[in-house]
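Notes follow once the structure below has been shown.
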Amino acid sequence: MAAIDELKKVRLEKLKKLRQAEINPYPAEVDRKDVISKARKKDGENVAVAGRIMSLRGHGKIIFCDLLDATGKIQIVFKKDLIGEKEFKLLDLLDIGDFLWVLGKVEKTSAGEISVFSQNLKILTKTLRPLPDKWHGFKDIEERYRQRYVDLIINPQVREIFETRSKVISFLRNYLDKDGFLEVETPVLQPVYGGASAKPFVTHHNTLDLDMYLRISDELYLKRLIVGGIEKVYELSKDFRNEGIDHQHNPEFTMLEFYWAYADYHNLMSYSEKMLSSLVKDIKDSFKLTYEDKQYDFTPPWPRISYREIVLKYTGIDIDIADDDQKLIKEINRKKLNFNLSGLIGFGAILDELYKKFVRHNLSGPLFLVDRPTAFVTLAKRLPDDPRKTASFQLIVAGKELINAYNELNDPVDQAMRFTESEKLAGKGQLVHEAYDEDYIRALEYGMPPTAGWGMGIDRLISVLTDKHNIKDVILFPTLKPEFPLSEKENKRKK
């Protein structure tokens, strides 16, 4: 810290000298006529470029710098006899990291490097903090997440990740738009949270004197729109869950959800194959990609395996026989499967933990895991021939759940009963559950046509496409513990 403070003092002194020379170190107007990528192609022509100084070198009557903008990098050559003594002295007040405007002719140096030979220059931003050394000064992973603005400067490959993310989101929107889906916005602040079993963030609306929740899912509002006659609807948005943070979970995450009237989950599996295989081909120029040193082939069709079959394969437990919590616990103990049952209440919670510990990591994919138990999905329609299971699927890739989809439950009586069952489990101590939503039941009583719904975590998808193990690598500003302590005023407000 002491070294940084000393370097800042030197830069502050340069800032002072600029102002004493009546040079504005933070001007508003910039006459940039050329981005660097285009300027590099204008051999023999005058250009006006602007960017960040990434290196400064030279001595005597000639100084070189590398100037970087969003499109590329170019060398700038400053010759004292070309720009004049006053402008040349200004170079003494520049540092790596400063932003500069340069007017000059594009030519090659004697070493053959394309350069701008400066005729005029103007400082655009004087920086007070030095950039870290690329190889030694910015390796700490949490520091990179926390100071993403520096990470993007020092590590160009990071920018490529987020360019890919932007392309993926645009592709998905365009795909749904061309198929007649309507993009909408639904409330982030909700009086009743729903659409998933998760712990919400709670806030308070002062005027209404009402506790409200940040949404954990868009589902119930989007299905209200199906009731209202919008037959194809989607939302791409932030959701929030007040749960753990690890390499696959961030409390604030991006979800794409769509709902399709008169479709079923078989239609959605076929649609998912076409959409995601097309996406992978568009991004990778191939149906194949590599993630964590293993190749995954997205060429459709993808395998479809029942949840019962996969649990039986990896645990030896048949959930058609062990179909309640007591039977399941008995089978777990009989087979001496070692995992902690404490805090797990109800058949669904126990089975889900069993699946996550012994099954999911074995699944490579892409594959569809179909017909999940009804105890998992409060909002899904039961299978007609086996009400213990739902007409549902998850898309699994590299042991990750990328998509969750099902036939939507549109029977208001059954839905009310399942909300009630979920709240009973909460009464027994289950930490996450579906809350009873009276307005949603009222909407269903007006009638919702047969509908299939689909949700995909964008962050996990991007991590697979960009071969990143940690989801924080694909979120520009992931949730982290504050680096600086709260102010006294903020602490008082918090209390």
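The values are calculated or read from the model by the stated rules, or taken from the named source; none is laboratory data. Everything numeric in this text was worked out from a predicted model, so none of it was measured. Using ideal geometry, Cβ is built from the backbone for each residue, glycine included, and neighbour counts are taken over all protein chains shown.
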Matching residues, the range 180-220, being exposed (fewer than 14 other Cβ atoms within 10 Å of the Cβ) and outside any loop (DSSP other than H, G, I, E, B): 183, 189, 202, 203, 204, 205, 210, 211
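Taking the range 224-253 on its own, how many of its residues are among the hydroxyl-bearing types (Ser, Thr, Tyr) and either assigned to a loop (DSSP other than H, G, I, E, B) or buried (at least 20 other Cβ atoms within 10 Å of the Cβ) (or both)? Show your work before the answer.
Let us first name the residues in the range 224-253 that are among the hydroxyl-bearing types (Ser, Thr, Tyr), namely 234, 237.
Filter again for either assigned to a loop (DSSP other than H, G, I, E, B) or buried (at least 20 other Cβ atoms within 10 Å of the Cβ) (or both), leaving 234.
Number of matching residues: 1.
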Per-region count, the range 327-368, residues farther than 25 Å from residue 421 by Cα and in contact (Cβ under 8 Å) with a residue 40 or more places away in the chain: 10
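Can you work out which of the residues in the range 402-421 that are of a type in the set (A, V, I, L, M, F, W, C) and without any contact (Cβ under 8 Å) to a residue 40 or more places away in the chain is nearest to residue 346 (Cα to Cα)? Give the steps one after another, and end with the answer.
Residues of the range 402-421 of a type in the set (A, V, I, L, M, F, W, C): 402-403, 405, 409, 413, 416-417, 419.
If we keep only those that are without any contact (Cβ under 8 Å) to a residue 40 or more places away in the chain as well, we get 409, 413, 416-417.
Working: 409: 21, 413: 22, 416: 19, 417: 16 Å.
Among residues in the range 402-421 that are of a type in the set (A, V, I, L, M, F, W, C) and without any contact (Cβ under 8 Å) to a residue 40 or more places away in the chain, the one nearest to residue 346 (Cα to Cα) is 417.
Mind checking whether some residue in the range 453-462 is surrounded by fewer than 19 Cβ atoms within 10 Å (Cβ to Cβ), in contact (Cβ under 8 Å) with a residue 24 or more places away in the chain and outside any loop (DSSP other than H, G, I, E, B)?
Taking the range 453-462 first, the residues surrounded by fewer than 19 Cβ atoms within 10 Å (Cβ to Cβ) are none.
Within the range 453-462, not a single residue is surrounded by fewer than 19 Cβ atoms within 10 Å (Cβ to Cβ), in contact (Cβ under 8 Å) with a residue 24 or more places away in the chain and outside any loop (DSSP other than H, G, I, E, B).
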Matching option when the condition is surrounded by 22 or more Cβ atoms within 10 Å (Cβ to Cβ) and either modelled with pLDDT of 95 or more or over 30 Å from residue 298 (Cα atoms) (or both), among 337, 369: 369
Condition broken by residue 177, with the remaining ones in (1) exposed (fewer than 15 other Cβ atoms within 10 Å of the Cβ); (2) more than 28 Å from residue 224 (Cα to Cα); (3) at pLDDT 95 or above satisfied: (2)
Where a residue in the range 172-188 is on the phi > 0 side of the Ramachandran plot and its partner, wherever it lies, is of a type outside the set (Val, Ile, Thr) and surrounded by 12 or more Cβ atoms within 10 Å (Cβ to Cβ), with Cβ under 6 Å and at least six apart: 180/232
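Yes or no, residue by residue, for (1) in contact with a Pro (Cβ under 8 Å, 6 or more places away or on another chain); (2) closer than 28 Å to residue 472 by Cβ:
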position: 43; (1), (2): no, no
position: 74; (1), (2): no, no
position: 91; (1), (2): no, no
position: 122; (1), (2): yes, no
position: 146; (1), (2): no, yes
Given (1) in contact with a strand residue (DSSP E or B) (Cβ under 8 Å, 6 or more places away or on another chain); (2) without any contact (Cβ under 8 Å) to a residue 40 or more places away in the chain; (3) more than 24 Å from residue 261 (Cα to Cα), number of the condition residue 399 does not satisfy: (1)
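Could you please let me know if residue 51 is closer than 20 Å to residue 30 by Cβ and either small (Gly, Ala, Ser) or touching a strand residue (DSSP E or B) at 6+ places or on another chain (Cβ under 8 Å) (or both)?
Working: closer than 20 Å to residue 30 by Cβ: yes; either small (Gly, Ala, Ser) or touching a strand residue (DSSP E or B) at 6+ places or on another chain (Cβ under 8 Å) (or both): yes.
Criteria met by residue 51.
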Count of the range 94-132 residues which are aromatic (Phe, Trp, Tyr) and either touching a residue at least 60 places away in the same chain (Cβ under 8 Å) or in contact with a Ser or Thr (Cβ under 8 Å, 6 or more places away or on another chain) (or both): 2
Of the criteria (1) part of a loop (DSSP other than H, G, I, E, B); (2) at pLDDT below 95, which one residue 127 fails: (2)
Where residue 111 falls short, out of the listed (1) assigned to a loop (DSSP other than H, G, I, E, B); (2) not assigned by TED's automatic domain parsing to the domain that holds residue 73: (2)
